[in-house]
């Protein structure tokens, strides 16, 4: 499902509410600032007070987020954490647009996203406020060590973690006896 940015909707409900609508329609979860619970369903969005709600965290596990919707992030000033796990439509063009969140994004996970290449990850170097970056199971990344070093050099205040996602990649990970 392709959901284009609707500027009139953003004017009507504000950038965070419009962004949340897009994310929820794509199957992501949204956590609002100063709220403990996650919003998991589009129909459970608050009917009023939308402009006062600010997105703080996004869990896009198994979500169908695509670059065409990433302009929804424009105007969202408080998004500090995003998880892209098994986001099969996530690709380099989407990562290029994460700079829309460069002032607020502190934690980012990109894992099991088969369309993300080294070129896409290089866009992350512009996210100077990142404090934690977790990357794993990215089959298009041929040299994980080199990529991790490149990102760490560009983001000295960020803990860049890129463990080997498959045991065959890391000789220290051996299968336990009795398990396949």
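General remarks:
- The single residue among 63, 96 that is surrounded by fewer than 19 Cβ atoms within 10 Å (Cβ to Cβ) and more than 16 Å from residue 15 (Cα to Cα) turns out to be 96.
- When the stretch 9-57 is filtered for residues that are in a helix (DSSP H, G or I), surrounded by fewer than 16 Cβ atoms within 10 Å (Cβ to Cβ) and modelled with pLDDT under 90, the ones remaining, listed by number, are 43, 44, 51, 52.
- Criterion applied to 83, 116, 65 was being at pLDDT 95 or above, touching a strand residue (DSSP E or B) at 6+ places or on another chain (Cβ under 8 Å), part of a loop (DSSP other than H, G, I, E, B) and closer than 21 Å to residue 20 by Cβ, and the one residue passing it is 65.
- Check on residue 104, farther than 28 Å from residue 34 by Cβ and surrounded by fewer than 22 Cβ atoms within 10 Å (Cβ to Cβ): no
The values are calculated or read from the model by the stated rules, or taken from the named source; none is laboratory data. Not measured: the values here are computed from a predicted model. Cβ atoms come from the backbone with ideal geometry, glycine included; neighbour counts cover every protein chain shown.
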